[in-house]
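Below is one structure, written out as structure tokens, with a few remarks after it.
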Ligand SMILES: [Cu+2]
């Protein structure tokens, strides 16, 4: 969970810090069991459309289409930028700031959701 | 104005579609001719997008045009890569030529417009153009394609253009009358 320390200053950071301080032992346990979830961009959809994660997990998007896509937070908090065919983008889900709806900014009908247990 | 442009566009497309069907009846289009038409169809939409980026200040119109540039280039690059792999090259044909002629007329119409009138005409043309191309790819090109990999690529192109059609439809709705 060391990555929490370099998180940009946002209101959600304080929630994240609170969780880390209050549940330090739990955080370490979560960190040890961190999983990687792969989301494919395929046929102009995110597969799976909803990914359920735990804090500390990593989500990896892979573009399997012929055309470029993005994975971009609905609130703009994170953004893969342009992903060509075969490109990957990783996001460590550091705290609740990162969850919720996200889109491909190039194709507005491409939407996905990150939910946290 | 809007209605007139739309009607003249539809007439141009029907003429092209007529040429396409006539050709198919005369022994059908071969894969290299289909590849040429599909490539030209992509280039035409790239040209429309370039006009939009020159003329429009509307954020939604510009974002749509950027996506058309990016996606049609990607699909056309994929088509060229496949043709190269298969050792084939696209073959010019009357359908490609009539497509290009009607697109040149449409470009002249679009270039005569500006502001909101341009935005609406561009969006309406994108919707009509993608509807027409999708109907042709799905109804004529995919059934006629012989090479399996080429047929698959046409399927990928169709999926892409259908997303564009939906995007264009949303854009037309957002811009209003
Ligand atoms: Cu996309």
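Modelled spin labels at residue A:33 and residue B:174, positioned 7 Å past Cα toward Cβ, are 4.3 nm from each other. Using the alpha-carbon positions of the range B:22-167, Rg (one decimal) and Dmax (whole number) come out as 15.4, 47 Å. Computed over the alpha carbons of the range B:83-155, Rg followed by Dmax gives 16.0, 46 Å.
Spin-label model, residue B:80/residue A:52: points 7 Å from Cα along the beta carbon direction are separated by 4.7 nm.
For the peptide A:67-73, the mean number of other protein chain Cβ atoms found within 10 angstrom of a residue's Cβ is 3. Potential lengthening of the chain between residue B:116 and residue B:54 amounts to 20.9 nm, from the contour at 0.36 nm per residue minus the alpha-carbon distance.
With a Förster radius of 41 Å applied to the beta-carbon distance between residue B:101 and residue A:64, the computed FRET efficiency rounds to 0.65. Taking a ≥ b ≥ c as the square roots of the eigenvalues of the alpha carbon gyration tensor, the range A:36-116 is prolate, as a/c is not under 1.5 and a/b beats b/c.
Values in this text are rule-based calculations from the coordinates and carry no lab data. Given the structure is predicted, the values throughout are model-derived calculations rather than measurements. Note that we place each Cβ from the backbone using ideal geometry, even for glycine, and neighbour counts take in every protein chain shown.
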